[in-house]
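J.: Following this message is one structure expressed as structure tokens.
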Amino acid sequence: MIRYWFLLTATLLLSVSPGYAEPQPRISIIIDDLGYQLELGRRAIRLPGPVAFAVLPGTPHGSRLAQFANDRGKEVLLHLPLESVDQDGRIEPGGITLDMSRTGFKAAFADALATVPFAIGVSSHRGSLLTRHPGHMAWLMQEIGAREDLFFIDSYTTHESVALMVAAEAGVVATRRDVFLDHERSIEAVTLEFERLKSLARRNGQAVAIGHPFPETLEVLERQLPLLEAEGIEVVTISRLLQQERNRI
């Protein structure tokens with residue numbers, strides 16, 4: 001009984017101690033689809049804070065923008081095109097499709113990764129078809145796992161995605177996005193999604209957002225990112241957000 005009251009008292013004191021504080025909510029932001037538009041890509045990379053940039057393979061300015069981001073201390077991801085339900089047979093540069101053999105899959109992944117220097121992780125581009133298939137996701141996680149320190153971000157374009165489950169089975173550090181900032185391209189819509197991102201971070205401790213190098217998205221982020229510290233929200237690199245998952249594996 002004495003021990004019980006001692007533990008209860010200690011818990012109560014800790015909860016009201018001036019030195020005790022809840023962990024600060026954290027968000028990570030990834031800007032997808034870099035590689036086709038040079039100036040908007042550069043503008044995106046100049047965003048304040050540790051925003052990450054997902055570069056499409058085989059694009060006219062992808063390598064150049066990856067270099068530009070790395071030079072400014074920003075994290076770079078390979079934004080790997082995965083076949084989607086509505087793709088209609090079109091194959092994007094560096095794209096992975098359901099009809100590829102294991103050998104073709106391996107070669108396509110290696111070629112795509114080689115076009116995006118400084119990539120420390122892989123994120124899915126589209127992929128509403130391929131991320132449903134455990135076999136192909138297993139191949140992808142094998143390729144990611146074979147390269148030390150790469151992680152995976154599921155853009156989560158379908159709720160039927162098995163990517164995170166397969167990543168966990170393969171021992172690959174992974175997470176998925178919580179918010180698409182610009183599913184609707186307007187200042188008002190992006191602002192609303194940014195507020196939702198903050199709410200999710202406060203509720204869950206952390207949240208991941210994906211946006212694109214659209215003028216509307218960049219305008220909102222340029223205005224909102226410098227305000228987050230005063231709101232008690234920390235912007236962290238995606239690799240730091242995933243560090244807890246890496247330690248768990």
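We did not get these values from a lab; they are worked out from the coordinates using the rules stated. If you're wondering where the values come from, they're calculated on a predicted model, not measured in any experiment. Heads up, the Cβs are rebuilt from the backbone with ideal geometry, glycines too, and the neighbour counts pull from every protein chain shown.
J.: Between ALA138 and ARG240, what is the label-point separation in nm under the 7 Å Cα-to-beta-carbon projection?
T.: Between ARG240 and ALA138, the label points sit 3.8 nm apart.
J.: Spin-label point model (7 Å from Cα, Cβ direction): what's the LEU98 to ARG72 distance in nm?
T.: For LEU98 paired with ARG72, the spin-label model returns 3.9 nm.
J.: Where Lys and Arg each count +1 and Asp and Glu each count -1, what net charge lies around ILE210 among other residues with Cβ under 11 Å from its Cβ?
T.: Residues close to ILE210 contribute a combined charge of -4.
J.: Here's a follow-up. Counting only residues 5 or more places away or on other chains, whose amide H sits under 5 Å from the amide H of HIS125 once H atoms are built in the peptide plane?
T.: LEU80, LEU82
J.: Can you compute 3J(HN,Hα) from phi for each residue in the range 92-107, using the Karplus curve 6.51 cos²θ - 1.76 cosθ + 1.60 with θ = phi - 60°, rounded to whole Hz and x for Gly and Pro?
T.: 6, x, x, x, 10, 10, 5, 8, 6, 6, 4, 5, x, 4, 4, 5
J.: Still on this structure: Once label points are set 7 Å from the Cα along Cα→Cβ at both ILE120 and ALA168, what is their separation, rounded to one decimal in nm?
T.: Calculated label separation equals 2.5 nm.
J.: Treating only the Cα positions of the range 75-211 as identical point scatterers, give the base-10 log of I(q)/I(0) from the Debye formula at each q in 0.09 Å⁻¹.
T.: Evaluating at q = 0.09 Å⁻¹ gives log10 I(q)/I(0) of -0.28.
J.: Here's a follow-up. In the chain, which longest range has no trypsin sites (Lys or Arg not before Pro) that are both DSSP loop (not H, G, I, E or B) and surrounded by at most 15 other Cβ atoms within 10 Å?
T.: For trypsin sites (Lys or Arg not before Pro) (loop position, at most 15 other Cβ atoms within 10 Å), the longest site-free span of the chain is 186-249.
J.: Determine the shape class of the range 74-129: with a ≥ b ≥ c the square roots of the Cα gyration tensor eigenvalues, call it rounded for a/c under 1.5, and otherwise prolate if a/b is greater than b/c, oblate otherwise.
T.: On the way: a/c = 2.46, a/b = 1.47, b/c = 1.68.
Oblate, because a/c is 1.5 or more while a/b does not exceed b/c.
J.: Which FRET efficiency value, to the nearest 0.05, do you get for LEU227 and HIS183 by plugging their Cβ-Cβ distance into 1/(1 + (r/R0)^6) with R0 = 25 Å?
T.: Once the sixth-power term is evaluated, E becomes 0.65.
J.: Would you mind classifying the range 16-136 by shape? Square roots of the alpha carbon gyration tensor eigenvalues, ordered a ≥ b ≥ c; an a/c under 1.5 is rounded, otherwise it is prolate if a/b is larger than b/c and oblate if not.
T.: Since a/c reaches 1.5 but b/c is at least a/b, the shape of the range 16-136 is classed as oblate.
J.: Once you keep just the Cα pairs under 8 angstrom separated by 6 or more residues, what percentage relative contact order results for the range 94-249?
T.: Relative contact order for the range 94-249 comes out at 17 percent.
J.: In addition: Using only the C-alpha atoms of the chain, find the volume of their convex hull and express it per residue in Å³.
T.: Hull volume over Cα atoms, normalised by residue count, gives 150 Å³.
J.: Give the separation of the Cα centroids, the range 125-146 to the range 71-124, in Å.
T.: Using only Cα atoms, the two centres lie 10 Å from each other.
J.: Can you give the local net charge around PHE105? Use residues other than it whose beta-carbon is closer than 13 angstrom to its beta-carbon, Lys and Arg +1, Asp and Glu -1.
T.: -2
J.: Please list, in order along the range 209-220, the HN-Hα scalar couplings obtained from phi with the Karplus expression 6.51 cos²θ - 1.76 cosθ + 1.60 (θ = phi - 60°), rounded to whole Hz, x for Gly and Pro.
T.: My calculation for the range 209-220 gives 10, 10, x, 9, x, 8, x, 5, 5, 5, 4, 5 Hz in order.
J.: Here's something else I'd like to know. Just to confirm my numbers, what's the Cα centroid distance between the range 184-249 and the range 23-46 in Å?
T.: Their Cα centres are 11 Å away from one another.
J.: While we're looking at this one, here's another question. What stretch of the chain, leaving out the sites themselves, is the longest with no GluC sites (Glu not before Pro) in a DSSP loop having at most 13 other Cβ atoms within 10 Å?
T.: Excluding the exposed sites themselves, the longest stretch runs over 1-147.
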